[in-house]
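Below: the structure, in structure tokens.
Read-outs throughout are calculated quantities, based only on the coordinates presented, and are distinct from any laboratory measurement. Values in this document were obtained by computation on a predicted structure and should not be read as measured data. Here the Cβ positions follow ideal geometry from the backbone for every residue, glycine too, while neighbour counts run over all protein chains shown.
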Amino acid sequence: MVDASSVIQGYITRGLMLSGDTYEALAEALEIPADAFAATMEKWNGYVAEKNDPDFGRTSFASPLDTAPFYAVKVTAGIHHTMGGLKIDTETHVLNANGEIIPGLFAAGEVTGGVHGANRLGGNAVADIIVFGRIAGEQAAASIK
Ligand SMILES: Cc1cc2nc3c(=O)[nH]c(=O)nc-3n(C[C@H](O)[C@H](O)[C@H](O)COP(=O)(O)OP(=O)(O)OC[C@H]3O[C@@H](n4cnc5c(N)ncnc54)[C@H](O)[C@@H]3O)c2cc1C
């Protein structure tokens, strides 16, 4: 059993992680130059031991990365939240470019824009979808009665 947190263990189980028992083996899996990778890792471990990073001036140091097996995972940017979208009123009617209600069209959640201003506070998307989602459902149901 690999000694890793449950989150990392999940990545391993799903085959998202590359691994190697040495720096060179991990570099080979990553298809990057093994010598340079091993040298970088040794250098990092030295910086951790000295609590001094002359390359980037880092001041916080976690554990040295010197215990096999070693893992690597591809990390890319993703969309966390779209800030633009349909303009709605407080009853979730979608408004046209003139600010007029488009009859029979309701929207809530991330498809809408302007609810959070220029930057959403963390956690408020969930409040948004619950509050406005419920209103939109009620409004849509009422509109067909
Ligand atoms: C990684 C991540 C972490 C987040 N963490 C937080 C957090 O901690 N707190 C917080 O408040 N917010 C968080 N958010 C944002 C929040 O999750 C979203 O803003 C919210 O889930 C949006 O809900 P929604 O119902 O508007 O849209 P969605 O959840 O995107 O739902 C839209 C649905 O419509 C479906 N759909 C799309 N097109 C069609 C179609 N043509 N026909 C039928 N169905 C269709 C999609 O499959 C989807 O199920 C996070 C977002 C991400 C990506």
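Relative to the first principal axis of the alpha-carbon coordinates of the chain, what is the inclination of helix 34-50, with its axis defined by its Cα atoms, in degrees from 0 to 90 and to the nearest 10?
It works out to around 90 degrees.
Along the charge dipole of the chain, pointing to its positive end and built from +1/-1 on Cβ of Lys, Arg, Asp and Glu, which listed residue (Ile129, Phe56, Ser143) has its Cα farthest out?
Of the listed residues, the answer is Ser143.
Please work out how much length the chain gains when fully extended from Asn96 to Glu24, using 0.36 nm per residue of separation minus the C-alpha to C-alpha distance, in nm with one decimal.
So the extension gain works out to 20.0 nm.
Taking the convex hull of the alpha carbon atoms in the chain, what volume per residue do you get, in Å³?
Value for the chain: 202 Å³ per residue.
Cut-off under 18 Å on the C-alpha distance; same-chain residues fewer than 8 positions from Lys51 excluded. Which lysines are left, in chain and number order?
Correct list for Lys51: Lys43.
Using the Cα centre of the stretch 6-73 as the reference point, and only Cβ charges (+1 on K/R, -1 on D/E), how large is the resulting charge dipole? Debye, rounded to the nearest 20.
So the dipole magnitude of the stretch 6-73 works out to roughly 360 debye.
When only DSSP loop residues count, what GluC sites (Glu not before Pro) in the stretch 1-81 have their Cβ near at most 15 other Cβ atoms within 10 Å?
Loop-located and lightly packed - Glu31.
How many angstrom lie between the Cα centre of the stretch 26-71 and the Cα centre of the stretch 78-131?
Here the two parts' Cα centres lie 45 Å apart.
Provide, for q = 0.15, 0.23, 0.31 Å⁻¹, the log10 of I(q)/I(0) from a solvent-free Debye sum over equal Cα point scatterers in the stretch 93-143.
Result of the Debye calculation: -0.44, -0.90, -1.19.
Given 20 °C and 1.002 mPa s, how large is the Stokes-Einstein diffusion coefficient of the stretch 1-58 in µm²/s, with Rh as the Kirkwood radius over Cα pairs?
162
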